[in-house]
């Protein structure tokens, strides 16, 4: 029971850190963002509403596509991630004091910290294996249908997002290239750290049970 509770806490912490990183990146759009974040912000800049709304809309589109192609990939957890990350992004973005403090940081430092938060957040919530995000489910289904590797399908999706952002005059610059080659390493490092934390808690639980 202790391990389950810790997994859910780590899952929520990961989503919050991810949301913080996304909001940090929105303050330095001139440096360029990841293909995904770039499209979210491009949609917000062109059509308004909120970044969280566009994240929800795109993830909901992924859920619908996956549902009709192979509904076994859609779980309650997938819907939970879709809702929570959208809510957390808008919630953190609405904290004026926090956002004002972030804007006082040097842009390069903000980009570095934002990238670390995004990678760490994704790694922490993924390592809990509580659920699969809609985007990941979409890549899994498409790679199965196309008989491609997960990596190849993910690259294709990133190119599609990048193209759409370019057409909408989204924030694409050298930072986009930097993020594309570094975020994956941060995610893997965060997964390793998260797994060690889970193992430690699980080990403590076994000792208590004994």
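Structural remarks
- You will find that of 42, 19, the residue that is within 24 Å of residue 155 (Cα to Cα) and modelled with pLDDT of 85 or more is 19 and no other.
- Some residue of the range 157-174 being surrounded by 13 or more Cβ atoms within 10 Å (Cβ to Cβ), closer than 30 Å to residue 45 by Cα, modelled with pLDDT under 75 and within 17 Å of the chain's Cα centre (by Cα): no
- Identity of the residue in the range 138-152, at pLDDT below 75 and part of a helix (DSSP H, G or I), that ends up surrounded by the most Cβ atoms within 10 Å (Cβ to Cβ): 140
- In the range 111-127, the residues that are surrounded by 20 or more Cβ atoms within 10 Å (Cβ to Cβ) and either farther than 14 Å from residue 189 by Cα or free of Cβ contacts under 8 Å to residues at least 40 places away in the same chain (or both): 111, 114
- The residue that is surrounded by the fewest Cβ atoms within 10 Å (Cβ to Cβ), among those in the range 42-62 that are more than 18 Å from the chain's Cα centre (by Cα) and outside any helix (DSSP H, G or I), is 48.
- Leading residue by the ranking (nearest to residue 137 (Cα to Cα)) among those in the range 63-109 that are outside any helix (DSSP H, G or I) and modelled with pLDDT of 85 or more: 94
- Residue within the range 84-105 that is closer than 23 Å to residue 168 by Cα and crowded, with 20+ Cβ neighbours inside 10 Å present: yes
The values are calculated or read from the model by the stated rules, or taken from the named source; none is laboratory data. Not measured: the values here are computed from a predicted model. Cβ coordinates were reconstructed from backbone atoms using ideal geometry, including for glycine residues, and neighbour counts include every protein chain displayed.
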